[in-house]
Each structure stands twice: as C-alpha cells, then as structure tokens.
C-alpha cells in the first residue's frame, strides 16, 4: 500500500527525457546506453554496406533495400524509446509498422524471384505441394489434407501482411490523434478507448498464420536459395516482440513491476525495459539478417511453368539451329 501511494504521488512531466531517466535510474541507464551505442554503430555500418552491395548489382530486387534498412531502424527506435520513455507507446507501434514493412518486403522479394504469383502457384502444383493449413498457430489442422495451392488462396495468404501493415498504421493514427486531442485513454484493458489495441490481437494472429503458411511454401519453392531464411528471421522477431508484450502485461497485472521515483511511473518503466530488450534483440538478430540480405541468391528448384516452358523452347531452338543440314 505504501508503494502504491508513492507511485500515485509522483510528479511526472508531460515529456520524460534523458534528464528525468538519469534522475530515476542513475548511471545504470548510462551503462546500458553506452553498450547500445557500441552495438548500434556496427549495425548501421553493416546496413549501409549491404545497401551498397545491393546498389552495385542493378539486377538486385528493390525490396532488398527495405530489408537491409530494417535492423538499424529497429535499433534506432529502441534507443529513442530508452532516451525518452514518454514516447514508448508510439515507438512500440512504430516498431511493429517497421516489422510489417519487412514482412511485406519479403513477400514482394519472393514474388520477384519466383516469377510472380503464377510462377509460385505453378511450381507448387507441379511438385504437388499443398497449402500448409496446419501451420502454427493452427497446428490442430495438421491431420487434415492440404488443399491445392491456387491463385486465389495464395493471393489471399500473400496479401495478409499488407492487411496487418494497414492496421498497424491505423493504430498509430489513433494514438497520435489521442495525443493531439490531449485525450487520456482509460487504463482499463476492456475499455472502448482501448478497442484498437484489443482488435490488434486477432488481426495479428490471423496475419501471422497466413505469413507462416507463406514461409512454408517458400521453403519448398525457393529451396537452395538462402534468402528464403529472411522470412523465418522476420517471423521469429515478430513473435518475440509479441511475446514480450504479453510477458509485461503479466508482470504489471501481478504487481511484479512498480514505479521508480521520482519520474518513472509503472507504465514508463515497462516501456523502458521493453526497449532495452528489443534494442538488443534487434542488434543480435540484425547482423545475421544483414548477412543474408547481402548474400548472393543461388538457383532454386521452384520455377514457374512459364519459365520452364520458355527455357525448353530456347533449348529446342538452339538445337535446331546448330543441327547440321543433310545434303
């Protein structure tokens, strides 16, 4: 009870910046920022080097630029959230927007490298690969037979990351609107002002389910191409960030986290700790991710019907051209 009274009596300014964080945490936060900065610089350098390599090859797909910018963007956003904890809610949604941009960019990369929707659907039908409806989190559907991959169901699966991106942008717009109107949403989890956050759970779950199916298909269609692993890394990072949110909901709900006087309320402590963890996750996952982006795409077995037919016609024409004419 004494701790609750102390937390409710905090005089917290509207903007909590580095001065207030230092007054609450002291040099503990300084040590974390130094370590973060020492890792942020290599991530930025590796990202710029990766973009330069992509630029040197004019045939490189354009989505690789967006994918190469992903790790430094996430790490920089985490640093902003640590320096100014009052921006925590907006930084969290911006990170999700950046990750969704990564999902959309990976889908575009796969479509470009595999001959579009027709090429992927044709490769799946030729190799008898069905739609993996038993992918996580719907593992209960594993015993059911896989339906045939068609243009309709594949387009629906591949477009779900775009739906998730649009919803995350809508969430950000709602939060910024609350800020501009000086409206304080209710702290009750099931309140109407928290509806946009509640709807985020089913939308994210459905989108990640579709994206997991897309990854399973790409692991077969792009077999032998190391860039197919980019999608798995993105999925892992998205799931880790979501689990982190649920973990802190548990910690605050059970009272395991409290405020840090004189300027950090419980909510600000949550956002600061989240950005600590997300910053280091983005760094340690980002460097292998950039290595995959900069790597060369090797030939893969999954080719579309149009590509295979075109190559067969080319070989036939070359053979007929080089065949000697009988007298």
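The values are calculated or read from the model by the stated rules, or taken from the named source; none is laboratory data. What you are looking at is a predicted structure, and each value in this text was computed from that prediction instead of being measured. Note that each Cβ is placed from the backbone with ideal geometry, even for glycine, and that neighbours are counted across all protein chains shown.
Taken as a whole, the condition of being surrounded by fewer than 19 Cβ atoms within 10 Å (Cβ to Cβ), touching a residue at least 24 places away in the same chain (Cβ under 8 Å) and under 23 Å from residue 275 (Cβ atoms) applies to residue 239. Screening the candidates 32, 117, 21 for the property of being surrounded by fewer than 19 Cβ atoms within 10 Å (Cβ to Cβ), part of a helix (DSSP H, G or I) and either modelled with pLDDT of 90 or more or within 21 Å of the chain's Cα centre (by Cα) (or both) yields one hit, 117.
Okay, residues lined up against (1) more than 30 Å from residue 21 (Cβ to Cβ); (2) within 22 Å of the chain's Cα centre (by Cα):
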position	(1), (2)
94	no, yes
112	yes, yes
135	yes, yes
141	yes, no
148	yes, no
151	yes, no
156	yes, yes
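Residues that are without any contact (Cβ under 8 Å) to a residue 24 or more places away in the chain and touching a helix residue (DSSP H, G or I) at 6+ places or on another chain (Cβ under 7 Å) within segment 45-76 comprise 51, 60, 65, 69, listed in sequence order.
Out of 218, 213, 160, one residue alone is surrounded by 15 or more Cβ atoms within 10 Å (Cβ to Cβ), within 22 Å of residue 137 (Cα to Cα) and free of Cβ contacts under 8 Å to residues at least 60 places away in the same chain. It is 160. Of all the criteria given as (1) closer than 21 Å to residue 99 by Cα; (2) part of a helix (DSSP H, G or I), the one not satisfied by residue 136 is (2). Within segment 37-62, the set of residues being more than 20 Å from the chain's Cα centre (by Cα), under 23 Å from residue 113 (Cβ atoms) and part of a helix (DSSP H, G or I) comprises 49, 52, 53, 54, 55, 56.
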